[in-house]
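Working notes for the structure below.
The values are calculated or read from the model by the stated rules, or taken from the named source; none is laboratory data. Since the model is a prediction, treat every value here as computed from it, not as a measurement. For neighbour counting, all protein chains shown are included, and Cβ atoms are generated from backbone atoms with ideal geometry for every residue, glycine included. Note: areas computed on protein heavy atoms with side chains; ligands, DNA, RNA excluded. Shrake-Rupley method; radii C 1.70, N 1.55, O 1.52, S 1.80 Å.
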Amino acid sequence: MIQISHVSKVYKNEEIETIALSDISFKIIAGEFVAIMGPSGSGKSTLMHILGALDLPTGGTYLLDGENVGKLKDDELADIRNRKIGFVFQAFNLLPRTSALKNVTLPMVYAGVPKEERFEIAKKFLEMVGLSDRMEHTPSQLSGGQQQRVAIARSLVMNPAILLADEPTGNIATSQAEEIMAIFQKLNEKGHTIVMITHEPNIAEHAKRIIHIRDGKIIEDGRRHKQLRAKK
Amino acid sequence: MELIDLVLEAINTLTLNKLRTGLATLGIVIGIGSVIALVSLGQSGQKAVEAQIESLGSNLLTVIPGALRPGDIRSAAGTSTTLKLDDAKAIENRKIVGIKNVSAELLRRAQVVAGRNNTNTQIVGVLANYQEVRSLKIAFGTFLKDSDISSLAKVAVLGPQVVSDLFGEGVNPVGQSLRINRMVFKVIGVTVTKGGAGFGGNQDDIVLVPLSTAQKQLFGVDFIGSISVQVENKEQMDIVREEIGYMLLDRHKIQSPQNADFTIFSQADILGAAQQITGIFTTLLAGIAAISLLVGGIGIMNIMLVTVTERTREIGLRKALGAKKKVIIAQFLTEAIILTIAGGVIGMVFGILASFIISHLIHLPFTLSFISIILAIVISGVIGILFGLYPAGKAANLQPIEALRYE
């Protein structure tokens with residue numbers, strides 16, 4: 001499903017080169033729940049952006065469902081993001097002053113889904129994340145956890161191949177963070193592929209596989225969370 | 001994304017910040033409003049001038065002494081002595097095809113006294129066919145007859161303005177007498193009011209006397225001031241003008257038309273000149289108004305640029321969720337166009353109101369040209385596209401991660 005081979009990313013800023021990622025290779029197969037861990041500045045966000053087709057690698061290849069993402073044009077990338085990737089951001093990134101329901105329909109607007117169908121699907125997913133009584137609320141009327149659940153509903157409406165979550169619990173109270181992780185685990189059990197960035201070990205524990213990055217390199221790729229516990 | 005969704009979303013966004021939206025639109029309101037008001041007033045003025053000139057008769061050729069050559073020293077109108085009554089008679093006797101009437105006139109100003117009242121007005125010595133040539137209608141009494149001309153009769157036909165100056169408004173003065181240069185004249189008729197002041201001064205402030213009386217008894221001259229030639233129809237104007245021209249050159253023994261000691265012009269010439277002048281004024285006014293429209297457009301662009309910067313995160317999010325470039329461009333262009341078209345429509349209403357009020361205040365006919373209304377809406381839409389394109393392009397070209405990171 002996801003195949004990253006020798007991917008590197010170098011930022012050039014006024015002749016100073018910053019290496020964010022160097023020679024990274026891994027595969028993620030359908031149904032996996034992967035956590036990417038690393039200290040800030042380790043390059044995990046850059047990796048996330050590349051995986052999400054928000055940014056392109058400067059070296060190496062990224063195959064998503066057999067398609068070489070690095071060769072695509074802006075509008076084709078937009079299409080990939082729309083159909084194959086569901087984003088959950090740390091800052092939720094919901095449209096302000098817009099109802100939860102309308103926020104959830106947004107990806108379908110860009111996919112050209114007919115209006116009635118859009119609202120039907122959006123309602124279904126909002127019910128799934130337990131917000132059937134908050135559909136007309138705007139983000140400012142919702143708690144952090146509720147906002148993130150709206151964002152999760154939004155990430156699912158296009159039935160994407162993978163769900164990318166960037167510090168999904170970073171801005172949420174601990175009690176609500178567990179609820180969010182429960183939703184992720186339920187989704188994974190249903191067969192959704194999830195890639196999550198986090199620096200909190202207890203959040204990463206929910207994943208089946210943990211990739212550690214430091215200074216733009218993979219330093220550990222562990223298949224089972226039991227191994228992580230053993231190390232600790 | 002469907003158009004209706006785009007429009008609804010744009011209206012939704014614009015109403016979030018009403019003050020800013022209002023101020024951004026104001027520039028367009030003022031711009032379109034002033035263009036409509038000034039163009040409409042200009043056209044009203046033009047119409048008024050045209051109507052006045054056309055009331056003088058459109059199939060009329062006028063021959064005046066002296067040449068209209070740039071650089072020549074010209075004496076005061078009416079003091080040139082080269083045109084004679086014989087010239088008018090020659091034109092008439094030549095039986096040129098297309099000529100209906102030939103009339104000769106001598107115009108001077110003089111003091112006219114009746115009882116205790118007096119006025120300074122224009123005295124016009126005319127032939128009996130003057131009535132037909134100038135399409136004058138008689139309100140009271142009769143017009144001058146051929147016999148009055150041949151007998152040097154001391155009779156006068158008055159314009160309504162002179163009647164009200166000398167005898168009082170609405171009074172029938174026929175049969176009464178008045179004095180011009182101490183000579184007593186009997187009033188035999190009054191013309192119907194023509195109104196307006198075109199070529200030849202106010203057509204109502206006039207005293208018509210037999211040409212022969214004016215020449216020999218009133219002013220002691222042997223020349224005439226002008227010859228009026230009434231032509232059958234408009235198509236024959238040019239041929240008749242040419243024929244009269246060559247005939248008069250011949251009579252005055254002048255070889256080259258460049259040295260002619262007379263000028264022939266038609267009402268169309270005056271109309272054309274007047275149209276040109278009012279046209280220039282209208283264009284000038286519209287041009288000044290267009291500058292405010294341009295400033296309004298820049299205002300829209302400014303606001304749109306601010307909006308794009310403010311909504312960088314939103315744009316980033318939309319792109320992350322799959323919005324293509326053209327969708328982002330369409331979204332921001334729609335906002336800009338709605339702003340300018342709303343401004344255009346409001347400005348149009350204000351412009352029409354303003355021109356309606358002003359044209360009433362200065363007694364001009366109120367004209368409303370539908371072309372300028374449609375043009376106003378089209379132009380405001382074009383301004384929206386023109387000044388919205390750059391901010392919209394800027395938004396569409398934002399990189400999604402940079403836009404998402406933006407604080």
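See the values below:
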{"item": "Residue in the stretch B:345-361 that is out of contact with any Gly (no Cβ under 7 Å at 6 or more places or on another chain), farther than 23 Å from B:Thr25 by Cβ and either within 14 Å of chain A (Cβ to nearest Cβ) or among the basic types (Lys, Arg) (or both) present", "result": "no"}
{"item": "Residues that are within 11 Å of chain A (Cβ to nearest Cβ), open to solvent by 10 Å² or more (accessible area, probe 1.4 Å) and in a helix (DSSP H, G or I), drawn from the stretch B:319-330", "result": "B:Lys319, B:Lys325, B:Lys326, B:Val327"}
{"item": "Residues within the stretch B:126-141 that are in a loop (DSSP other than H, G, I, E, B) and either on the phi > 0 side of the Ramachandran plot or not assigned by TED's automatic domain parsing to the domain that holds B:Ile224 (or both), tallied", "result": "1"}
{"item": "Qualifying residue in the stretch A:154-169 (condition: under 25 Å from A:Asn202 (Cα atoms), of a type in the set (Ser, Thr, Tyr), more than 14 Å from chain B (Cβ to nearest Cβ) and open to solvent by less than 30 Å² (accessible area, probe 1.4 Å))", "result": "yes"}
{"item": "Output for the stretch A:107-117, where each listed residue is outside any loop (DSSP other than H, G, I, E, B) and more than 10 Å from chain B (Cβ to nearest Cβ)", "result": "A:Glu116, A:Glu117"}
{"item": "Subset of the stretch A:184-208 (residues that are open to solvent by 10 Å² or more (accessible area, probe 1.4 Å) and touching a helix residue (DSSP H, G or I) at 6+ places or on another chain (Cβ under 6 Å))", "result": "A:Glu205, A:His206"}
{"item": "Of all residues making up the stretch A:151-181, the number that are among the hydroxyl-bearing types (Ser, Thr, Tyr) and either within 11 Å of the chain's Cα centre (by Cα) or closer than 25 Å to A:Ala111 by Cα (or both)", "result": "1"}
{"item": "Which listed residue, of B:Ser147, B:Ser164, is polar (S, T, N, Q), over 27 Å from B:Leu61 (Cβ atoms) and under 34 Å from the mean Cα position of the chain (by Cα)", "result": "B:Ser164"}
{"item": "Exclusive hit being touching a helix residue (DSSP H, G or I) at 6+ places or on another chain (Cβ under 7 Å), within 24 Å of B:Val29 (Cβ to Cβ) and of a type outside the set (D, E, K, R), set B:Pro365, B:Pro391, B:Pro400", "result": "B:Pro391"}
{"item": "Qualifying residues in the stretch B:124-140 (those that are farther than 21 Å from B:Leu218 by Cβ and more than 28 Å from the chain's Cα centre (by Cα)) - the one surrounded by the most Cβ atoms within 10 Å (Cβ to Cβ)", "result": "B:Phe140"}
{"item": "Residues within the stretch B:142-170 that are in a strand (DSSP E or B) and open to solvent by 50 Å² or more (accessible area, probe 1.4 Å), tallied", "result": "0"}
{"item": "A:Thr138 more than 14 Å from the chain's Cα centre (by Cα) and surrounded by fewer than 20 Cβ atoms within 10 Å (Cβ to Cβ)", "result": "yes"}
{"item": "Single match in B:Ala274, B:Ala289 (criterion: at pLDDT below 85, in contact with a Leu (Cβ under 6 Å, 6 or more places away or on another chain) and either among the hydroxyl-bearing types (Ser, Thr, Tyr) or assigned to a helix (DSSP H, G or I) (or both))", "result": "B:Ala289"}
{"item": "The stretch A:122-135: number of residues that are open to solvent by less than 30 Å² (accessible area, probe 1.4 Å) and in a loop (DSSP other than H, G, I, E, B)", "result": "3"}
{"item": "Number of the exception - A:Gly43 against (1) buried (at least 21 other Cβ atoms within 10 Å of the Cβ); (2) within 11 Å of chain B (Cβ to nearest Cβ); (3) touching a strand residue (DSSP E or B) at 6+ places or on another chain (Cβ under 7 Å)", "result": "(2)"}
{"item": "Hits in the stretch A:74-106 - residues which are facing chain B (nearest Cβ under 10 Å), in a loop (DSSP other than H, G, I, E, B), more than 16 Å from the chain's Cα centre (by Cα) and not aliphatic (A, V, I, L, M)", "result": "A:Pro96, A:Arg97, A:Thr98"}
{"item": "Check on B:Ser228, touching a Lys or Arg at 6+ places or on another chain (Cβ under 8 Å), open to solvent by less than 60 Å² (accessible area, probe 1.4 Å) and not acidic (Asp, Glu)", "result": "yes"}
{"item": "Qualifying position, being of a type in the set (Val, Ile, Thr), buried (at least 21 other Cβ atoms within 10 Å of the Cβ) and under 21 Å from B:Leu398 (Cα atoms), among A:Ile85, A:Ile24, A:Ile4", "result": "A:Ile85"}
{"item": "Some residue of the stretch B:313-326 being at pLDDT 90 or above, closer than 20 Å to B:Gly27 by Cβ and assigned by TED's automatic domain parsing to the domain that holds B:Val29", "result": "no"}
{"item": "Enumeration of residues in the stretch B:293-315 that are touching a Lys or Arg at 6+ places or on another chain (Cβ under 8 Å) and crowded, with 21+ Cβ neighbours inside 10 Å", "result": "B:Ile303, B:Val308"}
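Residues checked against (1) within 14 Å of chain A (Cβ to nearest Cβ); (2) out of contact with any Asp or Glu (no Cβ under 7 Å at 6 or more places or on another chain); (3) assigned to a helix (DSSP H, G or I); (4) closer than 23 Å to B:Leu8 by Cβ:
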position	(1), (2), (3), (4)
B:Gly299	no, yes, yes, no
B:Phe332	no, yes, yes, yes
B:Leu368	no, yes, no, no
B:Leu375	no, yes, yes, no
B:Ile383	no, yes, yes, yes
